[in-house]
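Reviewing the structure listed below.
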Amino acid sequence: MTKQLFAIFGNPVSHSKSPMMHNLAFEALGLDACYGRYLLKNGKQLRDKIFELGLKGINITVPHKEYAYHACNKLDGFAKRVGAVNTIVRRDDKLYGYNTDASGFLKAIENFAAKKVLFIGAGGTAQSSSVILREADYEVTILNRSIRRLDRFREDGFECYSFDDFVPQQYDLVINMTSAGLEDDFLPAPKSILDATISQTKACVDVIYGKETPFLKLAKIHNKPIKDGSDMLLYQGIIAFEYFTENKYSFDEIKRHMKKAFDFN
Ligand code: NDP
(Lines give C-alpha, C1' and ligand atoms only; values in the text may rest on other atoms or scores of the structure.)
Protein backbone atom coordinates (compact mmCIF):
# COMPACT_ATOMS: atom_id res chain seq x y z
CA MET A 1 0.00 0.00 0.00
CA THR A 2 1.31 3.49 -0.79
CA LYS A 3 1.90 6.06 1.87
CA GLN A 4 -1.23 8.04 2.76
CA LEU A 5 -0.85 11.80 2.58
CA PHE A 6 -2.66 14.42 4.63
CA ALA A 7 -2.28 18.18 5.07
CA ILE A 8 -3.64 21.31 6.63
CA PHE A 9 -4.76 24.04 4.21
CA GLY A 10 -4.87 27.65 5.35
CA ASN A 11 -3.56 31.17 4.96
CA PRO A 12 -1.50 31.64 7.05
CA VAL A 13 -0.58 28.07 7.88
CA SER A 14 3.04 28.17 9.04
CA HIS A 15 2.03 28.44 12.73
CA SER A 16 -0.17 25.32 12.73
CA LYS A 17 0.49 22.53 15.23
CA SER A 18 -1.64 20.07 13.24
CA PRO A 19 1.27 18.48 11.27
CA MET A 20 3.12 17.68 14.49
CA MET A 21 -0.01 16.37 16.21
CA HIS A 22 -1.00 14.04 13.38
CA ASN A 23 2.53 12.88 12.54
CA LEU A 24 3.20 11.94 16.18
CA ALA A 25 0.06 9.80 16.17
CA PHE A 26 0.81 8.23 12.77
CA GLU A 27 4.30 7.32 13.89
CA ALA A 28 3.31 5.93 17.29
CA LEU A 29 0.53 3.83 15.73
CA GLY A 30 2.87 2.50 13.03
CA LEU A 31 0.87 3.97 10.14
CA ASP A 32 2.51 4.62 6.79
CA ALA A 33 1.19 8.16 6.54
CA CYS A 34 2.48 11.70 6.52
CA TYR A 35 0.80 15.06 7.29
CA GLY A 36 2.10 18.35 5.87
CA ARG A 37 0.98 21.95 5.52
CA TYR A 38 -0.15 23.79 2.41
CA LEU A 39 -0.43 27.55 2.06
CA LEU A 40 -3.62 27.91 0.04
CA LYS A 41 -4.12 31.48 -1.08
CA ASN A 42 -7.21 31.01 -3.20
CA GLY A 43 -9.92 28.98 -1.49
CA LYS A 44 -11.59 28.24 -4.82
CA GLN A 45 -8.67 25.93 -5.64
CA LEU A 46 -9.19 23.79 -2.52
CA ARG A 47 -10.92 20.86 -4.18
CA ASP A 48 -8.51 20.63 -7.13
CA LYS A 49 -5.47 20.82 -4.84
CA ILE A 50 -6.62 17.80 -2.84
CA PHE A 51 -6.62 15.67 -6.00
CA GLU A 52 -3.53 17.29 -7.51
CA LEU A 53 -1.48 16.63 -4.35
CA GLY A 54 -2.87 13.10 -3.99
CA LEU A 55 -4.18 13.71 -0.47
CA LYS A 56 -6.32 11.24 1.48
CA GLY A 57 -7.55 13.94 3.86
CA ILE A 58 -7.12 17.52 4.94
CA ASN A 59 -7.88 19.90 7.75
CA ILE A 60 -8.87 23.42 6.89
CA THR A 61 -8.12 26.54 8.87
CA VAL A 62 -8.82 30.26 8.43
CA PRO A 63 -10.07 31.56 6.00
CA HIS A 64 -11.21 28.56 3.95
CA LYS A 65 -13.82 26.70 6.03
CA GLU A 66 -16.71 27.90 3.88
CA TYR A 67 -14.89 27.01 0.67
CA ALA A 68 -14.23 23.59 2.18
CA TYR A 69 -17.96 23.23 2.83
CA HIS A 70 -18.73 23.92 -0.84
CA ALA A 71 -15.93 21.62 -2.10
CA CYS A 72 -17.46 18.44 -0.60
CA ASN A 73 -19.60 15.81 -2.33
CA LYS A 74 -21.11 14.67 0.97
CA LEU A 75 -21.53 16.48 4.25
CA ASP A 76 -21.98 15.13 7.71
CA GLY A 77 -25.31 16.35 9.20
CA PHE A 78 -23.73 18.76 11.67
CA ALA A 79 -21.34 20.32 9.10
CA LYS A 80 -24.35 20.83 6.84
CA ARG A 81 -26.30 22.60 9.58
CA VAL A 82 -23.48 25.03 10.44
CA GLY A 83 -22.12 25.62 6.92
CA ALA A 84 -18.45 25.15 7.84
CA VAL A 85 -16.06 22.24 7.28
CA ASN A 86 -12.63 21.85 8.89
CA THR A 87 -12.00 18.18 8.00
CA ILE A 88 -12.28 16.48 4.62
CA VAL A 89 -11.72 12.78 3.90
CA ARG A 90 -11.37 11.52 0.34
CA ARG A 91 -13.05 8.18 -0.28
CA ASP A 92 -13.34 6.72 -3.80
CA ASP A 93 -12.63 10.12 -5.29
CA LYS A 94 -15.49 11.73 -3.40
CA LEU A 95 -14.91 14.33 -0.69
CA TYR A 96 -16.66 13.90 2.68
CA GLY A 97 -16.84 16.96 4.94
CA TYR A 98 -17.00 17.21 8.75
CA ASN A 99 -16.79 19.91 11.41
CA THR A 100 -14.62 18.78 14.31
CA ASP A 101 -13.95 22.29 15.72
CA ALA A 102 -17.31 22.37 17.43
CA SER A 103 -17.16 18.81 18.78
CA GLY A 104 -13.59 19.50 19.97
CA PHE A 105 -14.79 22.61 21.76
CA LEU A 106 -17.70 20.79 23.39
CA LYS A 107 -15.33 18.13 24.71
CA ALA A 108 -12.84 20.77 25.91
CA ILE A 109 -15.37 22.42 28.27
CA GLU A 110 -17.14 19.29 29.54
CA ASN A 111 -15.28 19.27 32.87
CA PHE A 112 -16.66 22.66 33.89
CA ALA A 113 -20.14 21.21 34.44
CA ALA A 114 -21.53 24.51 33.11
CA LYS A 115 -25.03 25.23 31.88
CA LYS A 116 -25.29 28.94 31.20
CA VAL A 117 -22.52 30.30 28.98
CA LEU A 118 -21.70 33.66 27.40
CA PHE A 119 -19.87 33.73 24.07
CA ILE A 120 -18.04 36.94 23.28
CA GLY A 121 -17.77 36.82 19.49
CA ALA A 122 -20.06 35.88 16.62
CA GLY A 123 -17.71 34.59 13.91
CA GLY A 124 -17.49 31.13 12.35
CA THR A 125 -16.17 29.39 15.46
CA ALA A 126 -18.92 30.88 17.62
CA GLN A 127 -21.49 29.86 15.04
CA SER A 128 -20.65 26.14 14.99
CA SER A 129 -19.85 25.98 18.73
CA SER A 130 -23.11 27.68 19.73
CA VAL A 131 -25.15 25.14 17.76
CA ILE A 132 -23.38 22.10 19.23
CA LEU A 133 -23.61 23.49 22.76
CA ARG A 134 -27.32 24.14 22.41
CA GLU A 135 -27.81 20.59 21.14
CA ALA A 136 -25.99 19.44 24.30
CA ASP A 137 -28.45 21.46 26.45
CA TYR A 138 -26.30 24.47 27.26
CA GLU A 139 -27.94 27.91 27.33
CA VAL A 140 -25.82 30.11 25.06
CA THR A 141 -25.93 33.91 24.96
CA ILE A 142 -23.99 35.82 22.29
CA LEU A 143 -22.28 39.18 22.81
CA ASN A 144 -20.53 40.77 19.82
CA ARG A 145 -18.86 44.04 18.86
CA SER A 146 -20.72 44.47 15.58
CA ILE A 147 -24.49 44.12 15.31
CA ARG A 148 -24.25 42.87 11.71
CA ARG A 149 -23.01 39.40 12.69
CA LEU A 150 -25.76 38.87 15.25
CA ASP A 151 -28.56 38.53 12.69
CA ARG A 152 -27.87 34.89 11.91
CA PHE A 153 -27.72 33.98 15.61
CA ARG A 154 -31.00 35.81 16.29
CA GLU A 155 -32.66 33.95 13.42
CA ASP A 156 -31.40 30.72 15.01
CA GLY A 157 -33.11 31.72 18.27
CA PHE A 158 -30.08 32.71 20.38
CA GLU A 159 -30.24 35.58 22.88
CA CYS A 160 -27.93 38.23 21.36
CA TYR A 161 -26.44 41.52 22.49
CA SER A 162 -24.05 44.17 21.26
CA PHE A 163 -21.92 46.22 23.66
CA ASP A 164 -24.64 48.90 23.72
CA ASP A 165 -27.53 46.84 25.05
CA PHE A 166 -25.77 44.14 27.11
CA VAL A 167 -26.56 44.02 30.82
CA PRO A 168 -23.95 41.96 32.74
CA GLN A 169 -25.34 39.02 34.68
CA GLN A 170 -24.24 35.64 36.08
CA TYR A 171 -22.94 32.99 33.65
CA ASP A 172 -21.22 29.71 34.52
CA LEU A 173 -18.64 30.29 31.77
CA VAL A 174 -17.54 33.37 29.84
CA ILE A 175 -15.80 32.41 26.61
CA ASN A 176 -13.69 34.56 24.31
CA MET A 177 -14.61 33.37 20.82
CA THR A 178 -13.10 36.40 19.07
CA SER A 179 -9.67 36.85 17.54
CA ALA A 180 -8.99 39.75 19.93
CA GLY A 181 -5.69 38.92 21.64
CA LEU A 182 -4.53 36.57 18.91
CA GLU A 183 -2.08 38.93 17.24
CA ASP A 184 -2.73 42.05 19.30
CA ASP A 185 -3.28 43.05 22.92
CA PHE A 186 -6.98 43.87 22.70
CA LEU A 187 -9.68 42.74 25.09
CA PRO A 188 -12.71 41.28 23.27
CA ALA A 189 -15.13 43.78 24.85
CA PRO A 190 -14.93 47.04 26.84
CA LYS A 191 -13.18 46.47 30.18
CA SER A 192 -16.17 47.77 32.17
CA ILE A 193 -18.41 45.08 30.62
CA LEU A 194 -15.80 42.37 31.17
CA ASP A 195 -15.14 43.35 34.80
CA ALA A 196 -18.85 43.30 35.59
CA THR A 197 -19.36 39.93 33.86
CA ILE A 198 -16.18 38.07 34.81
CA SER A 199 -16.63 39.00 38.47
CA GLN A 200 -19.90 36.97 38.50
CA THR A 201 -18.77 33.94 36.48
CA LYS A 202 -17.37 30.62 37.69
CA ALA A 203 -14.61 30.35 35.04
CA CYS A 204 -13.28 31.84 31.79
CA VAL A 205 -12.23 30.12 28.57
CA ASP A 206 -10.38 31.45 25.52
CA VAL A 207 -10.33 29.64 22.19
CA ILE A 208 -6.94 31.20 21.40
CA TYR A 209 -4.12 28.85 22.34
CA GLY A 210 -0.42 29.05 23.09
CA LYS A 211 -0.52 32.41 24.88
CA GLU A 212 -2.14 34.11 27.81
CA THR A 213 -4.46 36.61 26.15
CA PRO A 214 -5.47 39.94 27.72
CA PHE A 215 -8.88 38.30 28.35
CA LEU A 216 -7.34 35.44 30.35
CA LYS A 217 -5.03 37.85 32.18
CA LEU A 218 -8.09 39.86 33.26
CA ALA A 219 -9.84 36.65 34.38
CA LYS A 220 -6.81 35.84 36.54
CA ILE A 221 -6.97 39.26 38.16
CA HIS A 222 -10.56 38.33 39.11
CA ASN A 223 -9.20 35.04 40.55
CA LYS A 224 -11.19 32.89 38.15
CA PRO A 225 -10.10 29.47 36.84
CA ILE A 226 -8.99 29.81 33.20
CA LYS A 227 -8.51 27.57 30.20
CA ASP A 228 -7.00 28.40 26.82
CA GLY A 229 -7.77 26.84 23.41
CA SER A 230 -5.16 24.05 23.53
CA ASP A 231 -7.61 21.30 24.45
CA MET A 232 -10.01 22.45 21.73
CA LEU A 233 -7.17 22.23 19.22
CA LEU A 234 -6.12 18.81 20.50
CA TYR A 235 -9.65 17.40 20.55
CA GLN A 236 -10.64 18.68 17.10
CA GLY A 237 -7.43 17.00 15.86
CA ILE A 238 -8.23 13.70 17.57
CA ILE A 239 -11.74 13.63 16.12
CA ALA A 240 -10.32 14.47 12.65
CA PHE A 241 -7.82 11.62 13.07
CA GLU A 242 -10.69 9.25 13.85
CA TYR A 243 -12.24 10.20 10.48
CA PHE A 244 -8.89 9.95 8.66
CA THR A 245 -8.35 6.40 9.99
CA GLU A 246 -12.02 5.30 9.70
CA ASN A 247 -12.42 4.95 13.49
CA LYS A 248 -9.78 2.26 13.92
CA TYR A 249 -8.37 3.80 17.09
CA SER A 250 -10.00 4.96 20.31
CA PHE A 251 -10.11 8.64 21.29
CA ASP A 252 -7.87 8.00 24.33
CA GLU A 253 -5.29 6.06 22.35
CA ILE A 254 -4.97 8.86 19.78
CA LYS A 255 -4.89 11.43 22.58
CA ARG A 256 -1.98 9.70 24.29
CA HIS A 257 0.20 10.21 21.21
CA MET A 258 -1.15 13.48 19.86
CA LYS A 259 -0.89 15.44 23.07
CA LYS A 260 2.89 15.08 22.99
CA ALA A 261 2.81 17.87 20.37
CA PHE A 262 1.99 20.23 23.23
CA ASP A 263 5.30 19.43 24.96
CA PHE A 264 7.03 21.43 22.19
CA ASN A 265 6.78 25.21 21.85
P1 NDP B 1 -14.02 35.09 12.50
O2 NDP B 1 -13.12 35.95 11.69
O3 NDP B 1 -15.09 34.30 11.85
O4 NDP B 1 -14.75 36.03 13.63
C5 NDP B 1 -14.00 36.93 14.38
C6 NDP B 1 -14.82 37.41 15.60
O7 NDP B 1 -13.93 38.15 16.44
C8 NDP B 1 -15.97 38.34 15.25
O9 NDP B 1 -17.02 38.13 16.16
C10 NDP B 1 -15.34 39.73 15.45
O11 NDP B 1 -16.28 40.71 15.80
C12 NDP B 1 -14.48 39.45 16.66
N13 NDP B 1 -13.36 40.37 16.83
C14 NDP B 1 -12.22 40.42 16.11
N15 NDP B 1 -11.40 41.36 16.63
C16 NDP B 1 -12.06 41.91 17.67
C17 NDP B 1 -11.73 42.94 18.59
N18 NDP B 1 -10.57 43.59 18.55
N19 NDP B 1 -12.63 43.24 19.57
C20 NDP B 1 -13.80 42.58 19.64
N21 NDP B 1 -14.18 41.60 18.79
C22 NDP B 1 -13.30 41.28 17.82
O23 NDP B 1 -13.04 34.19 13.37
P24 NDP B 1 -13.24 32.67 13.83
O25 NDP B 1 -14.58 32.51 14.46
O26 NDP B 1 -12.86 31.77 12.72
O27 NDP B 1 -12.09 32.53 14.94
C28 NDP B 1 -12.25 33.12 16.20
C29 NDP B 1 -11.10 32.69 17.10
O30 NDP B 1 -11.16 31.28 17.31
C31 NDP B 1 -9.70 32.96 16.51
O32 NDP B 1 -8.93 33.56 17.53
C33 NDP B 1 -9.18 31.59 16.18
O34 NDP B 1 -7.78 31.52 16.29
C35 NDP B 1 -9.85 30.74 17.25
N36 NDP B 1 -9.96 29.31 16.92
C37 NDP B 1 -9.37 28.40 17.75
C38 NDP B 1 -9.44 27.04 17.47
C39 NDP B 1 -8.76 26.06 18.39
O40 NDP B 1 -8.63 24.90 17.99
N41 NDP B 1 -8.35 26.44 19.57
C42 NDP B 1 -10.16 26.52 16.31
C43 NDP B 1 -10.78 27.56 15.50
C44 NDP B 1 -10.66 28.91 15.81
P45 NDP B 1 -16.94 41.71 14.67
O46 NDP B 1 -18.14 40.99 14.16
O47 NDP B 1 -17.27 42.93 15.44
O48 NDP B 1 -15.88 41.95 13.62
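List of remarks:
- Gly43 sits among other residues whose Cβ lies under 13 Å from its own Cβ, and their net charge, with Lys and Arg +1 and Asp and Glu -1, is +3.
- Descending semi-axes in whole angstrom, ellipsoid equivalent of the range 103-227, from the Cα gyration tensor: 19, 17, 14
- Principal-axis tilt of helix 124-135 within the chain, Cα atoms, nearest 10 degrees: 80 degrees
- Pairwise inverse Cα distances across the range 203-262, averaged and inverted, put the Kirkwood hydrodynamic radius at 12.8 Å.
- For Ile226, net neighbour charge (Lys/Arg +1, Asp/Glu -1) across residues whose Cβ lies under 15 Å away: +1
- The Cα-based radius of gyration of the chain, divided by its Kirkwood radius, gives an Rg/Rh of 0.98.
- D_trans [Stokes-Einstein, Kirkwood Rh over alpha-carbon pairs] for the range 2-100, 10 °C, 1.306 mPa s, µm² s⁻¹: 118 µm²/s
- Candidates Pro12, Ala33, Ile50 compared by Cα position along the dipole of the range 5-135: farthest toward the positive end lies Pro12, with charges placed on Cβ.
- Dividing the summed -39500 (n - 2.57) terms of all DSSP H runs of n ≥ 4 by the residue count of the chain sets its mean residue ellipticity at 222 nm at -10000 deg cm²/dmol.
- In this simple spin-label model, placing a label point 7 Å from the Cα along the Cα-to-Cβ direction at both Asn247 and Tyr38 gives a separation of 2.7 nm.
- Taking the centroid of alpha carbons for each part, the range 220-265 and the range 29-88 are 19 Å apart.
- Evaluated with a Cβ-only charge set (Lys, Arg +1; Asp, Glu -1), the chain carries a dipole of roughly 400 debye about its Cα centre, given to the nearest 20.
- Projecting label points 7 angstrom from Cα along Cα→Cβ for Arg256 and Asp156 puts them 3.6 nm apart.
- Charge-dipole axis of the range 103-227 as Lys and Arg at +1 and Asp and Glu at -1 on Cβ define it, positive-most pick from Ile109, Ala122, Ile142: Ile109
- Sites Lys49 and Glu27, calculated FRET efficiency, Cβ-Cβ separation with R0 25 Å, nearest 0.05: 0.50
- Here Lys248 is the anchor, and the aspartates and glutamates within straight C-alpha reach of less than 16 Å, apart from those fewer than 8 places off in the same chain, are Glu27, Asp32.
- Per residue value of the accessible surface for the chain (all protein chains in place, 1.4 Å probe), Å²: 48 Å²
- Extension gain (nm, one decimal) between Val167 and Asp185, 0.36 nm per residue minus Cα-Cα: 4.0 nm
- Taking the Cα centre of the range 120-241 as reference, the dipole from Cβ charges on Lys and Arg (+1) and Asp and Glu (-1) amounts to some 220 debye.
- The accessible surface of the range 103-227, taken with every protein chain in place and a 1.4 Å probe, is 49 percent carbon and sulfur.
- Partners for Lys41 among aspartates and glutamates (Cα-Cα distance below 18 Å; same-chain residues under 8 apart left out): Glu52, Glu66
- Per-peptide average of other Cβ atoms within 10 Å, ordering 29-37, 245-253 highest first: 29-37, 245-253
The values are calculated or read from the model by the stated rules, or taken from the named source; none is laboratory data. In this text, all values refer to a predicted model and were calculated from it rather than measured experimentally. Methodologically, a virtual Cβ is constructed for each residue, glycine included, from the backbone with ideal geometry; neighbour enumeration extends over all protein chains shown. Side chains included, ligands, DNA and RNA excluded: accessible areas come from the protein's heavy atoms. Shrake-Rupley method; radii C 1.70, N 1.55, O 1.52, S 1.80 Å.
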